[in-house]
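The values are calculated or read from the model by the stated rules, or taken from the named source; none is laboratory data. Please read these numbers as outputs of a predicted model, since none were measured by experiment. Virtual Cβ from ideal backbone geometry, glycine too; neighbours counted across all protein chains shown.
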Amino acid sequence: MDDDHWIRTGRSTALSAFPDIEVVSAVGPDQALRQSIALWDNVDVALVDAYDSEAGFDRFPGAAVVRAIRAHPRGAQIAAVVITGHVANDTLRIRMAEAGADLFYGHSEIGNPAQLHGVIRRASAMAAFVHSSVAPPSMLPGRPDAAVDWIARHGHQRAFDGGTQKTLPVSRRTIMTIRRNVGAFMGDRTNPSGPPWRRVNEFVNKARGADIERP
């Protein structure tokens, strides 16, 4: 799964040359999520790109794709390999660990078909083992993936459009609800009302990749 058509096509073509690999599908993140039930029926290893600059609120749609894989009836049998240009982003790494990814690589670590083939073979061998090994639980405080998912499911994306708390296009009650709930995902229980909005805003925007400049 990759948002770039040419990367998808190139990897699919390269992998098809290996007799021990069958390329089942090559899709973008939107299609992967729309077809999440049928798409994973015959997949053993999924290559998932993490970042999409045009994805909207959450620029790391790969996290939702990994969650969809884990929710599939065969989810425990599928190895999820995340490939990203943001390998040094610790928040992304912890999001993918939360979602249930198995391996986490930078694009520069997989520079040719042979290296990609080796990654797939490694992932296939470990698919029967415990998932979520891409980051230790203590790497970062909080649960950024759960926070972003909660915001999207409750339709609170507009609260993170930018601007001060007073100028946001949402009610004060909504802001209070977000502070309490996101504060719990942050692991911050110092205030029953939740952390200050500035800290909540920073946490969420980093978790969703909004701090990454679009190309």
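A few points about this structure:
- Matching entry among 118, 111 (being closer than 20 Å to residue 18 by Cα and in a loop (DSSP other than H, G, I, E, B)): 111
- Some residue of the range 61-69 being within 27 Å of residue 211 (Cα to Cα), at pLDDT 90 or above and assigned to a loop (DSSP other than H, G, I, E, B): yes
- Of all residues in the range 12-44, those that are in contact (Cβ under 8 Å) with a residue 60 or more places away in the chain and in contact with a His (Cβ under 8 Å, 6 or more places away or on another chain) total 3.
- Residue list for the range 180-196, filter: buried (at least 18 other Cβ atoms within 10 Å of the Cβ) and either of a type in the set (A, V, I, L, M, F, W, C) or touching a His at 6+ places or on another chain (Cβ under 9 Å) (or both): 181, 182, 185, 186
- Here residue 58 does not qualify as in contact with a Lys or Arg (Cβ under 7 Å, 6 or more places away or on another chain), within 21 Å of residue 108 (Cα to Cα), part of a loop (DSSP other than H, G, I, E, B) and among the charged types (D, E, K, R).
- Scanning the range 146-178 for residues that are part of a helix (DSSP H, G or I), free of Cβ contacts under 8 Å to residues at least 40 places away in the same chain and not basic (Lys, Arg) returns 150, 159, 165, 167, 174, 175, 176, 177, 178.
- Leading residue by the ranking (nearest to residue 206 (Cα to Cα)) among those in the range 151-176 that are modelled with pLDDT of 95 or more and polar (S, T, N, Q): 157
- Test: residue in the range 52-59 that is buried (at least 21 other Cβ atoms within 10 Å of the Cβ), in contact (Cβ under 8 Å) with a residue 12 or more places away in the chain, more than 24 Å from residue 185 (Cβ to Cβ) and not assigned by TED's automatic domain parsing to the domain that holds residue 154: no
- Hey, residue 83 assigned to a helix (DSSP H, G or I), farther than 25 Å from residue 185 by Cβ and not hydroxyl-bearing (Ser, Thr, Tyr) or not: no
- Some residue of the range 7-19 being under 19 Å from the mean Cα position of the chain (by Cα) and either of a type outside the set (Asp, Glu) or surrounded by fewer than 16 Cβ atoms within 10 Å (Cβ to Cβ) (or both): yes
- Test for residue 187: is it in contact with a Pro (Cβ under 7 Å, 6 or more places away or on another chain) and modelled with pLDDT under 95: yes
- Restricting attention to the range 181-198, the residues that are within 12 Å of residue 147 (Cβ to Cβ) and outside any loop (DSSP other than H, G, I, E, B) add up to 6.
- Any chance residue 22 is at pLDDT 90 or above and under 24 Å from residue 146 (Cβ atoms): no
- In the range 86-99, the condition of being over 13 Å from the mean Cα position of the chain (by Cα) and either touching a residue at least 24 places away in the same chain (Cβ under 8 Å) or assigned by TED's automatic domain parsing to the domain that holds residue 161 (or both) is met by no residue.
- Selection of the range 5-55 for residues being assigned to a strand (DSSP E or B) and closer than 16 Å to residue 71 by Cα yields 45, 46, 48.
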